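Below is one structure; the comments refer to it alone.
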Amino acid sequence: KHRSDELRFSFDHAFPPDARQEQLFATLGVPQIDQALEGYNSTIFAYGQTGCGKTHTMMNHRAHDREQIGLIPRISDGLFKRIGELSQQHTTRRFLVQCSFIEIYNEVVYDLLAPKRRDLKSTGLEVKEQKGLGVYVKDLTETVVDTAEKLNQLIEDGMALRATASTKMNDASSRSHCIFTIRLHQKDERDSSQNMISKLNLVDLAGSERAKDTGAEGSTLKEGANINKSLSALGNVINALSSMAESGKKKAFVPYRDSKLTRVLQESLGGNSFCTMVAAISPSATNVEETVSTLNYARRAKVIRVSAKRNAEGAQLQELEKEMEVLQQKIGLDSELKTAATTDLEEKHRQELENLQSVMKQSWEDKQKLSAEHEEQRQRAKEERARVVEGMRGERQRRLHMLEQRGDLSLTLQAAEQADGRLAAGAW
């Protein structure tokens, strides 16, 4: 092309193809840890077409070369390193780290830390919203961890259950979006101003794709359609937020409810959170159209204005108490009116009040006890899966041996393929 056809973009950082993972962590990951420890919510996500290196950038947790591991495991290690340093500097300060891990597969939310098979819970988890609690995933497992090793093991366990498939553009293409959330609670026995609750959302998005390029068929084609649908919804949300920022409007309609992805990330994109977007692009000339699309996407995201605030524990408790008083007044009014409509409304208000009371009453010890119960369930499920897989391997060997004795090579190969398919399904 002529120089007049060149496209120019302005971003905060640009990394060359040979950039090291450590460089990305120092530039993008360390600020996430700093913000969390200062009491701010923050989010980082990678966006781009399939096969352009998003999961390599964000995860790559199984890399043999430790220099190649991605942002999420590095942030996990870095967070606990900083917690250790702060605990030595401030002996009265305590830290509680909880984590959760979800995937959004075919517009259904699944808990990657719960010992349940995807096909046994096809309806997935509900995304709810309540004043005082914000947008949250109902019945989501939150696990307390006290070391980086335990945190990284949960990442490993969750990623082992994430949906992937082979396409023409990627041998292990992510077929779902996944969100790993770290919730950090800090308490200081002497200085209550240091009592803070913050949240880190670490997001690995599935890539946008075109069926003609990936060669997707059947269920993989359906997965790709749902991925594109949710990414399109994310684009619409970013467009609405960027237009609102450029026009100076304080309020405008933002279509968060068009997708489970945008609903779950509602606070991260336009609420109380800092947000970092990593635009992953392919250097290949054949992907230039997708590359330009990704860069335009990032350019729009860059103008969004965030309203992150420091999450002091005292202020959050006051907000919860105030909302509880409002609900109690509503319940009293509902009881006085006593109509069919107000009876249903009263039940809704009572449920909301119970949710708030549950949050208020739950101590650190309660959270640790519940987490230990979840861990026991997860270990039992892992052991059961291992037994099932081992039994299927034994059956595979037995059948292959019988066919070999008959001398039928075609049947032997057919049986091996069928057995391998059952083993892959049994990994769940």
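The values are calculated or read from the model by the stated rules, or taken from the named source; none is laboratory data. Keep in mind the model is a prediction, meaning the values are calculated, not measured. Cβ coordinates were reconstructed from backbone atoms using ideal geometry, including for glycine residues, and neighbour counts include every protein chain displayed. We work out accessible area using only protein heavy atoms, side chains counted, and drop any ligands, DNA or RNA first. Shrake-Rupley method; radii C 1.70, N 1.55, O 1.52, S 1.80 Å.
Label sites at residue 317 and residue 146, each approximated as a point 7 angstrom past Cα along Cα to Cβ, lie 2.3 nm apart. Of the cross-linked pairs 222/302; 131/330; 150/382; 131/251; 138/348, those separated by over 23 Å at the C-alpha level are 222/302.
Model label points for residue 383 and residue 107, set 7 angstrom from Cα along the Cα-to-Cβ axis, are 4.1 nm apart. Computed over protein heavy atoms with a 1.4 Å probe, the carbon and sulfur contribution to the accessible area of the range 73-159 reaches 45%. Put simply, the amide H of residue 275, placed in the peptide plane, has neighbours under 5 Å in 43, leaving out anything fewer than 5 places away on its chain. Heavy-atom accessible surface of residue 254, to the nearest 10 Å², is about 20 Å², with a 1.4 Å probe and all protein chains retained.
Suppose all protein chains stay in the model; what accessible area per residue would a 1.4 Å probe give for the range 242-324, in Å²? Each step should come with its number before you reach the end.
Details: 4780 Å² over 83 residues.
The answer is 58 Å² per residue.
Coupling constants for the range 85-90 follow from the phi torsions by the Karplus curve (6.51 cos²θ - 1.76 cosθ + 1.60, θ = phi - 60°), and in residue order they are 5, 5, 5, 6, 6, 10 Hz; glycine and proline get x. The heavy atoms of residue 185 present about 20 square angstrom of accessible area, all protein chains included, probe 1.4 Å.
Using R0 = 35 Å, the C-beta based FRET efficiency linking residue 373 and residue 30 works out to 0.55. Potential lengthening of the chain between residue 358 and residue 193 amounts to 57.0 nm, from the contour at 0.36 nm per residue minus the alpha-carbon distance. Excluding residue 159 itself, calculate the net charge of residues whose Cβ lies under 11 Å from the Cβ of residue 159, where each Lys or Arg counts +1 and each Asp or Glu counts -1. Overall, the nearby charge balance is -2. Stretching residue 94 away from residue 284 to a fully extended chain increases their span by 63.5 nm, per 0.36 nm per residue minus the current alpha-carbon distance. Figure note: 128, 251, 309 ranked by solvent-accessible area, largest first, 1.4 Å probe, ligands and nucleic acids not counted: 251, 309, 128. Only protein heavy atoms count here; on that basis, with a 1.4 Å probe, residue 83 has an accessible area of about 20 Å².
A Förster distance of 30 Å, applied to the separation of the beta-carbon atoms of residue 325 and residue 138, puts the FRET efficiency at 0.80. The simple spin-label model puts a point 7 Å past each Cα toward its Cβ; for residue 350 and residue 123 those points are separated by 2.1 nm. The residues of the range 1-134 expose on average 51 square angstrom of accessible surface per residue, using a 1.4 Å probe on protein heavy atoms. Summarise the long-distance tail of P(r) for the range 1-114 by giving the % of C-alpha pairs beyond 21 Å. Distances greater than 21 Å cover 53 percent of the Cα pairs. Quick one: if the Förster radius is 35 Å, what FRET efficiency do residue 295 and residue 67 give, using the C-beta to C-beta distance and rounding to 0.05? That gives a FRET efficiency of 0.80.
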